[in-house]
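For reference, the structure is listed below as structure tokens.
The values are calculated or read from the model by the stated rules, or taken from the named source; none is laboratory data. It should be emphasised that the depicted structure is a prediction, and the values quoted were computed from it without experimental measurement. Virtual Cβ from ideal backbone geometry, glycine too; neighbours counted across all protein chains shown. Calculation scope for accessible area: heavy atoms of the full protein, side chains included, ligands and nucleic acids excluded. Shrake-Rupley method; radii C 1.70, N 1.55, O 1.52, S 1.80 Å.
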Amino acid sequence: MHVVRTPASARAIARTLLRPVGFVPTMGALHRGHRTLVERAQRENASVAVSIFVNPLQFGPSEDYERYPREFEKDAALLDELGVALLYSPSVERMYAPGFSTRVNVGVLAERFEGAARPGHFDGVATVVAKLLHAIEPTTMYLGQKDAQQTAVLRRMIADLDVPVDVVVCPTTREADGLALSSRNAYLSAEERAAAPSLHRALALAAEALLHGQDPDVTMTRARSVLLPPLAWDYLSVVDVERFEPVRGHTRPALVIGAARAGAVRLIDNVSVAGIDERDPLVTPERDRDRLIRA
Ligand code: PAF
């Protein structure tokens, strides 16, 4: 595995990789969810590149940038073992040289829900991912469904800036009790951890009820009551997958999204409202690697 620290060396090595190249951007502290993304990228590409960069631009002043888990040696060993060809992990100084002042702002989509709770967060995400894509020039980028609004923001940025990359969204990886995997789950107290799966239960209940045509107001009230203390709702809504505009009831394709506070930790999750025989509105079906390599 090549480990590179600068955009120029990332681009130089990436250009020698067999194409198609799958790319998984991460902030490290890799868990089973990241592993699933890498394995899917491997099934669908000739080479896989991964980035590890804890991006200060996407953290608010009172957020956990300083204490965000950093486990570079362990992460690099795992990626090497998985057969990743290129690991790009620049320093903050190399990513944002003195005088850096550009921001990629995708507009109103980045101001709703997570964007409202975390002002500037999506500008930071869009900016760093634009730079990562520019350095790696991958064929396809792999993202997780858990961060559904992030995937919508990045798809918008990619379309608007004519970046020649496909996006594949992979299903959320969950604990056995339904909690979506996240590097931040490690911050939960025992009491918060026990209550945390109730977020997914609430969203799944709402999605199921809406799918069966139940009244949206009654459904949302019932779903709200499923969340267990000490968790508290930040938002619960039904939105369209592209613009994240609230929709009433089950307007296809839709997502039930929710965020809950557990002490200092925010948990986010979402469930697609997809019927039997209906394509999931967010997740990308697995593709045929041989056909992709021939293309
Ligand atoms: O989802 C993440 O881990 C980050 O937001 C990303 C996409 C790596 C950008 O820093």
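Descriptive notes on the structure:
- Kyte-Doolittle at least -0.5, axis length at least 20 Å by Cα - qualifying DSSP helices, the chain: 121-136, 197-211
- Rounded percent of accessible protein surface that carbon and sulfur make up, segment 195-269, 1.4 Å probe: 53 percent
- Computed over neighbours whose Cβ is under 12 Å from that of Val163, the net charge equals -1, Lys and Arg +1, Asp and Glu -1.
- Accessible area per residue for segment 81-140, computed on protein heavy atoms with a 1.4 Å probe, is 42 Å².
- With protein chains left intact and a 1.4 Å probe, residues in segment 1-40 average 45 Å² of accessible area per residue.
- Computed over the chain, relative contact order equals 18 percent, with contacts defined as Cα pairs under 8 Å that lie 6+ residues apart.
- Point-charge dipole on Cβ atoms (K/R +1, D/E -1) for segment 46-114, about Cα centre, debye to 20: 260 debye
- Full-extension gain in nm, Ala117 to Asp166, via 0.36 nm per residue minus C-alpha separation: 14.8 nm
- Simple rule: put +1 on each Lys or Arg Cβ and -1 on each Asp or Glu Cβ in the chain, find the dipole, and look at Val239, Ala8, Val256; the Cα lying farthest toward the positive end is Ala8.
- With R₀ fixed at 35 Å, the C-beta to C-beta distance from Asp80 to Glu191 puts the FRET efficiency at about 0.40.
- Expressed as a whole percent, the accessible area of segment 60-187 that falls on carbon and sulfur atoms is 52 (1.4 Å probe).
- Ordered by 1.4 Å accessible area with all protein chains kept, Lys131, Lys146, Lys74 run largest first as Lys74, Lys131, Lys146.
- The Cβ shell under 13 Å around Ala202 holds other residues with a net charge of 0, Lys and Arg each +1, Asp and Glu each -1.
- Cα-based equivalent ellipsoid of the chain: semi-axis lengths in Å, sorted from largest, via gyration tensor: 32, 22, 19
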